[in-house]
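A quick write-up on the structure given underneath.
The values are calculated or read from the model by the stated rules, or taken from the named source; none is laboratory data. Quick caveat, the model's predicted, so the values are computed rather than measured. Cβ atoms come from the backbone with ideal geometry, glycine included; neighbour counts cover every protein chain shown.
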Amino acid sequence: MEITKIDLDLNTLTFDKLTGRPLKKATVILIDQDTGEELVRFRNDHGNEHKFPLVADRNYFIIAQRENYFPDTIKLSTIGLDQSESILKKMYLSTDKMLLDVFTFTKIGKLPLDGATVTLIDMSDQSVREISEQNLLTNEFNFMLDRGKLYKVLGKKEGYSDSEEIIDTRPYDKSGLITKELYLDKFVLQDLLPISLFFDNDMPDVASKSTLTKTKYGDLVDKYIIRKSEYKDRFTRPLPTNKKEEALSNYENFFEGDIKGGYDKFKLFVNNLLHELEAGNKVELVLKGFASPRADSKYNLALGQRRVNSVKNEMIFYDNAELKKYFLTGQLVLTDISFGKELAPPEVPADVKDERNSIYNILAAKERRVEILRASRNN
């Protein structure tokens, strides 16, 4: 009579009974039910799986245990099994302690904040060592608390202000789950600055002497980018072949990286600005308008101010004019410190008759801009 060898294995999963969540750092022990002999034990610090090979025709005790939890025991028999099998067992451990879940968020925007460190401090017993955990992957932290005590949880991350909460477990007469959210504050606007926004020649409102305009910057930049090929052609046409390729690459980088990239950065900035204002903070922005040196100082000063005004319009009316109410109430302050050609470097072409250099040269194009220089917050 041929005897068929069968393969049997066991995977024991450990869970917290209160929350149903996988329970790490548990130890599972296999014991021969008939002899009382301990066969094997395994502790998993990184997950809740515990895998073992089994033998046929044996009765087992499976014991799961973990620090601060009551152990759990179940029986398992392989007697009578006549074919290979993978056996799955789930074990739920209970505790008389409180479970604490802490989640870290940004104060502005209330976004999940990864990479924070949370420290648990026992305020009822100073002899108890503080517990600090850092989570680089998510914003969740899990702790166990004694009932009948006061605790403080402190959230930290470099570049952010600290956040803390007091937890009182004295009212609880049995195990339960407490959830706390920590909001860490950071003024991100200044980190995004400076932002440079570039303009086509004499825009907005060609030949105007006004310091104001109804034009929004977003409308101007789209039209400017469309002229990329024209700018390339007008400047590089007389260049020899060995210099033309490098010049074309420079124009591509300027239009895609500086002009389009600057506007993309501006939109990110405005979204963060809205979060600041929604949180009740007063914000002041300092803007400066520049012009290339083709015209006289008086005209260029008005042109620089007009350019700043177009950026203000874009900001105020951006995305359904969500910032307008903050501007009208004074919660958002936009300060203009524009200059004309006085600040243009001497190497920037100024000859009105030489359009190739005074308009289409990148040196001149880079002077036609508005910079958002500084952001400050008053709570």
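When residues of region 59-110 are filtered for being among the β-branched types (Val, Ile, Thr) and more than 36 Å from the chain's Cα centre (by Cα), how many remain?
As a first pass, look at region 59-110 and keep what is among the β-branched types (Val, Ile, Thr): 62-63, 73-74, 78-79, 87, 95, 102, 104, 106, 108.
Now drop any that are not more than 36 Å from the chain's Cα centre (by Cα), which leaves 62-63, 73-74, 78-79, 87.
Total satisfying the criteria: 7.
Among the residues of region 292-304, what is the count of those that are in a helix (DSSP H, G or I), among the small types (Gly, Ala, Ser) and either touching a residue at least 60 places away in the same chain (Cβ under 8 Å) or within 12 Å of ARG368 (Cα to Cα) (or both)?
2
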Residue that is farthest from VAL308 (Cα to Cα), among those in region 213-252 that are modelled with pLDDT of 95 or more and not in a helix (DSSP H, G or I): ARG227
Test result for SER86, within 30 Å of PHE61 (Cβ to Cβ), out of contact with any helix residue (DSSP H, G or I) (no Cβ under 7 Å at 6 or more places or on another chain), not in a loop (DSSP other than H, G, I, E, B) and not aromatic (Phe, Trp, Tyr): yes
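Against the definition (modelled with pLDDT of 95 or more, assigned by TED's automatic domain parsing to the domain that holds LYS353 and not acidic (Asp, Glu)), how does VAL206 come out, yes or no? Outline the logic, then answer.
Details: modelled with pLDDT of 95 or more: no; assigned by TED's automatic domain parsing to the domain that holds LYS353: yes; not acidic (Asp, Glu): yes.
Here the answer is no, as VAL206 does not meet what is asked.
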Within region 305-319, tally of residues that are surrounded by 22 or more Cβ atoms within 10 Å (Cβ to Cβ) and either assigned to a strand (DSSP E or B) or hydroxyl-bearing (Ser, Thr, Tyr) (or both): 1
Region 1-51: number of residues that are closer than 15 Å to LYS75 by Cα and either among the aromatic types (Phe, Trp, Tyr) or in a loop (DSSP other than H, G, I, E, B) (or both): 5
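Scan region 157-172 and tell me whether some residue there is aliphatic (A, V, I, L, M) and at pLDDT below 95. Give the derivation first.
Narrowing region 157-172 to residues aliphatic (A, V, I, L, M): 166-167.
From what's left, at pLDDT below 95: none.
No, region 157-172 has no match at all.
Got a number for residues in region 64-123 being farther than 30 Å from LYS152 by Cα and either surrounded by fewer than 18 Cβ atoms within 10 Å (Cβ to Cβ) or touching a residue at least 40 places away in the same chain (Cβ under 8 Å) (or both)? Break it down into steps so the answer makes sense when it comes.
Pass one, region 64-123, residues farther than 30 Å from LYS152 by Cα: 64, 72-91.
If we keep only those that are either surrounded by fewer than 18 Cβ atoms within 10 Å (Cβ to Cβ) or touching a residue at least 40 places away in the same chain (Cβ under 8 Å) (or both) as well, we get 64, 73-91.
Qualifying residue count for the region: 20.
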Counted residues, region 288-304 - those being under 22 Å from ASP264 (Cα atoms) and surrounded by fewer than 24 Cβ atoms within 10 Å (Cβ to Cβ): 1
Residue in region 27-34 that is under 30 Å from ILE178 (Cα atoms) and within 41 Å of the chain's Cα centre (by Cα) present: yes
Check on LEU100, part of a strand (DSSP E or B), closer than 30 Å to THR138 by Cα and aliphatic (A, V, I, L, M): yes
Filtered residue count, region 320-365, keeping only those that are under 38 Å from the mean Cα position of the chain (by Cα), modelled with pLDDT of 90 or more and in a helix (DSSP H, G or I): 11
Residues being in a helix (DSSP H, G or I), surrounded by fewer than 14 Cβ atoms within 10 Å (Cβ to Cβ) and in contact (Cβ under 8 Å) with a residue 60 or more places away in the chain - total across region 166-200: 1
